[in-house]
Amino acid sequence: MTPNPELDPRFAAAVDLLRRTGATNFRIGYSDEDDGDPIVWYAVVNYPQGNEADAGLNATTAVLRLCERVIDGGKCTHCGRPTIFDPDFSMGDVMDSVLDKMGCRYKWDAETASFVRSCE
C-alpha cells in the first residue's frame with residue numbers, strides 16, 4: 001500500500017517556502033515498500049547552484065527538515081540578519097523571543113497558513 005502524505009498544513013506551506021528560496025524543482029518520494037519497514041520519505045530541491053535533500057519517517061517531517069537545512073544559517077535578503085527556520089507551532093513563550101533576537105526567523109503563522117519572516 002502506498003503511504004499518503006500527512007494533512008499537516010505546514011507541508012504545503014513548507015513546499016511554498018522552498019520555492020520562495022529560489023528552488024527550481026521540488027520532488028518528494030518514499031523508499032520502496034519491498035525494502036520493508038520503516039518507509040522513509042525524502043524531499044529534494046534543485047537550485048541553479050546545486051541540490052539539497054533530507055528525509056524523515058513521514059512526508060511533512062522530510063520537507064520541514066529540508067527547509068531547516070536550506071534556511072538555517074542563511075542571510076535574509078530583506079533585513080540582512082541570519083535566517084532561522086522554526087517549524088513548530090508558536091507557543092508565544094520565551095523561546096520565541098530568544099529566536100527572534102538571534103536572527104530573522106521563518107515561523108509558522110496559522111492565520112495565513114504559511115511560514116513568515118519575523119522581519120515582515
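If pairing requires two Cys Cβ atoms under 4.7 Å apart, which cysteines of the chain are left without a partner?
So, Cys67.
In vacuo Debye scattering of the stretch 10-117, one point per C-alpha: log10 I(q)/I(0) at q = 0.23 Å⁻¹?
Relative scattering, expressed as log10 I(q)/I(0), comes to -1.26.
Which residue, Thr24, Thr77, Thr60, tops the fluctuation ranking in a GNM of the chain built on C-alpha contacts under 10 Å?
Thr77
Provide the percentage of antiparallel DSSP beta bridges, counting only those with both residues in the stretch 10-117; round to the nearest 5.
Details: 18 of 22 bridges.
Of the beta bridges lying entirely in the stretch 10-117, close to 80 percent run antiparallel.
Between Asn46 and Val98, what is the label-to-label distance in nm when each label sits 7 Å out along the Cα-to-Cβ direction?
The answer from the label model is 4.0 nm.
How far, in degrees from 0 to 90, does helix 59-71 lean away from the longest principal axis of the Cα atoms of the chain, to the nearest 10?
Helix 59-71 sits roughly 40 degrees off the main axis of the chain.
Determine the sum of side-chain charges near Cys119: Lys and Arg each +1, Asp and Glu each -1, restricted to other residues whose C-beta is under 10 angstrom from that of Cys119. Before the final figure, lay out each step's value.
Values: positive: Arg81, Arg105, Arg117; negative: Asp100, Glu120.
Taking every Cβ under 10 Å from that of Cys119, the sum is +1.
Between 0 and 90 degrees, rounded to the nearest ten: what's the tilt of helix 10-20 against the longest Cα principal axis of the chain?
Roughly 70 degrees, rounded to the nearest 10.
The numbers here are math on the coordinates, done by the rules we state, and not lab data. Owing to the predicted nature of the structure, the values given are computational and were not obtained by experimental measurement. Positions of Cβ are generated from backbone atoms using ideal geometry, with glycine treated the same way; all protein chains shown enter the neighbour counts.
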